[in-house]
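Since the structure comes first, as structure tokens, the remarks are kept for the end.
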Amino acid sequence: MILGFGGFDVLSSQASPIGYLAQTPAQITADSFVAAAVTRTGPAVVRIDTETVVTRQVDPFFDDPFFRDFFGQQLRPPREQRINGQGSGFIIDGDGIILTNAHVVNGADKVTVTLKDGRTFNGEVRGTDEITDLAVVRIKPQGNTLPVAPLGDSNSLKVGDWAIAVGNPVGLDNTVTLGIISTIGRSAAKAGIPDKRLDFIQTDAAINPGNSGGPLLNSQGEVIGINTAIRADAMGIGFAIPINKAKTLEKTLASGQKVPHPYIGVQMINLTSEIARENNDNPNSPIIVPEVDGILVVQVVPNSPAERARLRRGDVIVAVNGQPVQDGTDLQKIVEKSGINASLRVKLYRGDRLLELTVKTEQLQGVS
């Protein structure tokens, strides 16, 4: 599985005439909107430290009495190793509910939450979901008042809006970076994170290891996303989970329930009639495909709903429940919205035949 700032100068686009001074725009004041936003939400941003105990197999050689007598116990490798991790999160209510990334706390034996004011709490992982990379951690306020981050509306975002990332990158607590919303609705597959199922907010605000789970804020200091991933092969490209997605799953995760993720079990690529024609004209092509626009099934997962419905490699899906589909992302969204145990009418081409099969969705296997 793959699996966040610095100042800037504003320069005039034209040189000022001799005898005139460039004037500062009236809306720019000594009180930065970034500082105001961070003042509003920063106290609710927390550092999450984790400790995981990993048990390792020890070579029987090290248990041999001769080895112990000759070399001594100091060379005996440890059976257990403690692995420490760190990430970010933010408090969303006074009862101590914290949102973060699943990969920050997955498998952790101990979770410690540190507030900006220095207070520390033991954290309890209430629920995780690897598919959306979301997790809920709870701390017990024990009569203490906790700062709470205001949540915004990620559906109202526009490309070019300000984006402020807050977190604890590479161990540097309470770090703030500034950028813009680069793209909204970036599918996980197109973002290069195919094991996730959601559309990301893309931003150029600097996101680094340790920022994971921290908030992405708008110019009013409201949380609009949860920083989750960076592209190792690019500069200035980071991704955040839309806060509206987290809102829909927070109660499920907080109650320890499993998040439903329906699937049908096909690996697929987009197909156009032009690509199909080029493939079929190639004498070395391993498969002849229908020359239509649709989604080509390249693999059917064993023991999956698709296999039970008798879908085959080489089928081209062109519609689901009467809705035309030409992109795998669209098919995935239809399946995700359908729910578990839903019957989907899948229209497809198999060779030159047009067929309709019924596939019943199931919970994606291996999702905790």
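For the structure I just gave you, tell me whether Ser343 is modelled with pLDDT under 95, closer than 21 Å to His261 by Cα and open to solvent by 60 Å² or more (accessible area, probe 1.4 Å). Step through it out loud before you land on a result.
Details: modelled with pLDDT under 95: no; closer than 21 Å to His261 by Cα: yes; open to solvent by 60 Å² or more (accessible area, probe 1.4 Å): yes.
Judged against the criteria, Ser343 is not a match.
Does Ala306 satisfy the criteria of being open to solvent by less than 60 Å² (accessible area, probe 1.4 Å) and modelled with pLDDT of 95 or more? Yes: the conditions hold for Ala306.
Among the conditions (1) in contact with a Gly (Cβ under 9 Å, 6 or more places away or on another chain); (2) at pLDDT below 95; (3) of a type outside the set (Gly, Ala, Ser), Pro242 misses just one, which is (2). Do we find a residue being in contact with a Ser or Thr (Cβ under 7 Å, 6 or more places away or on another chain), more than 28 Å from Val125 (Cα to Cα) and modelled with pLDDT under 95 anywhere in the range 273-288? Within the range 273-288, one or more residues are in contact with a Ser or Thr (Cβ under 7 Å, 6 or more places away or on another chain), more than 28 Å from Val125 (Cα to Cα) and modelled with pLDDT under 95. Note on the range 83-129: residues that are open to solvent by less than 20 Å² (accessible area, probe 1.4 Å) and either in the same structural domain as Gly213 (by the TED database) or in a loop (DSSP other than H, G, I, E, B) (or both) amount to 3.
Just a yes or no: is a residue in the range 272-288 touching a helix residue (DSSP H, G or I) at 6+ places or on another chain (Cβ under 6 Å) and in the same structural domain as Gly314 (by the TED database)? Among the residues of the range 272-288, at least one is touching a helix residue (DSSP H, G or I) at 6+ places or on another chain (Cβ under 6 Å) and in the same structural domain as Gly314 (by the TED database), which makes the answer yes.
Within the range 232-245, being open to solvent by 10 Å² or more (accessible area, probe 1.4 Å) and either more than 19 Å from Gly160 (Cβ to Cβ) or hydrophobic (A, V, I, L, M, F, W, C) (or both) holds for Ala232, Asp233, Ala234, Met235, Ile237, Asn244, Lys245.
The values are calculated or read from the model by the stated rules, or taken from the named source; none is laboratory data. Not measured: the values here are computed from a predicted model. Counting neighbours? That spans all protein chains shown, and the Cβs are built from the backbone with ideal geometry, glycine included. What goes into the accessible areas is simple: the full protein's heavy atoms, side chains included, and nothing from ligands, DNA or RNA. Shrake-Rupley method; radii C 1.70, N 1.55, O 1.52, S 1.80 Å.
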